[in-house]
Amino acid sequence: MSALIRAIEPSLDDYGNVAGAASHQHGKTGSDLSRSSLGRARGLHDPTATYHAMDVVAHNGSEWRAIKDNPGPLPGPGWMLGAKGARGKPGERGEPGLHVKALDVTGYTLVLTLSNGSKLRANLLPAFERFKKETET
């Protein structure tokens, strides 16, 4: 029974597309069998990459879709704007973050004094003992 279920499950390519789906709709063969007719999400646009029809890229805050194989420079006639991004108004300035105001070593203890007055302590003795043990060989 499990062999029958595996036989009817679609095989997926490296991008999660149904392998061979593009060939049924567009008569593609060979290496195109694993490409979806919907294209692939390719991330940020790389002018040195090879793109195929319907591949989607991000460029300057917008989404672009290739309208043909090897669409050329972006923006350009080989690309279609899918979604335009726009920068919004800046938000209110947040509270200042913490930073180290002072650093002290007392014995084998490292003490960091933070900008809000709190102190962080780290016992360094175990690290020194381990170092000594590892270098004695």
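The values are calculated or read from the model by the stated rules, or taken from the named source; none is laboratory data. Please read all numbers here as calculations on a predicted model, not as lab measurements. Here the Cβ is made from the backbone with ideal geometry for all residues, glycine too, and neighbour counts use every protein chain on show. Protein only, heavy atoms only, side chains kept; ligands, DNA and RNA dropped before computing areas. Shrake-Rupley method; radii C 1.70, N 1.55, O 1.52, S 1.80 Å.
T135 - would you say it is among the polar types (S, T, N, Q) and open to solvent by 50 Å² or more (accessible area, probe 1.4 Å)? For T135, the condition - among the polar types (S, T, N, Q) and open to solvent by 50 Å² or more (accessible area, probe 1.4 Å) - is met.
Each residue in segment 92-118 was checked for being in a strand (DSSP E or B) and either open to solvent by 100 Å² or more (accessible area, probe 1.4 Å) or in contact (Cβ under 8 Å) with a residue 40 or more places away in the chain (or both), and 2 pass.
Would you mention how many residues in segment 79-91 are part of a loop (DSSP other than H, G, I, E, B) and aliphatic (A, V, I, L, M)?
Residues that pass the stated criteria total 1.
This table checks each residue for (1) under 23 Å from the mean Cα position of the chain (by Cα); (2) at pLDDT below 50; (3) loosely packed, with under 13 Cβ neighbours inside 10 Å; (4) in a helix (DSSP H, G or I).
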position	(1), (2), (3), (4)
Q25	no, yes, yes, yes
K28	no, yes, no, no
D32	no, yes, no, yes
L38	yes, no, no, no
G43	yes, no, yes, no
D46	yes, no, yes, no
Y51	yes, no, no, no
M54	yes, no, no, no
V57	yes, no, no, no
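Can we say R6 is of a type in the set (D, E, K, R), open to solvent by 40 Å² or more (accessible area, probe 1.4 Å) and modelled with pLDDT under 90? Criteria met by R6. In this entry, G82 passes the filter for residues that are surrounded by 11 or more Cβ atoms within 10 Å (Cβ to Cβ), closer than 30 Å to R65 by Cα and under 37 Å from the mean Cα position of the chain (by Cα).
Pairs are defined by a Cβ separation below 8 Å, a sequence spacing of at least 6 or placement on different chains, a first member in segment 64-89 that is in contact (Cβ under 8 Å) with a residue 40 or more places away in the chain and over 10 Å from Y51 (Cα atoms), and a second member that is assigned to a loop (DSSP other than H, G, I, E, B) and of a type in the set (K, R); no pair meets this definition.
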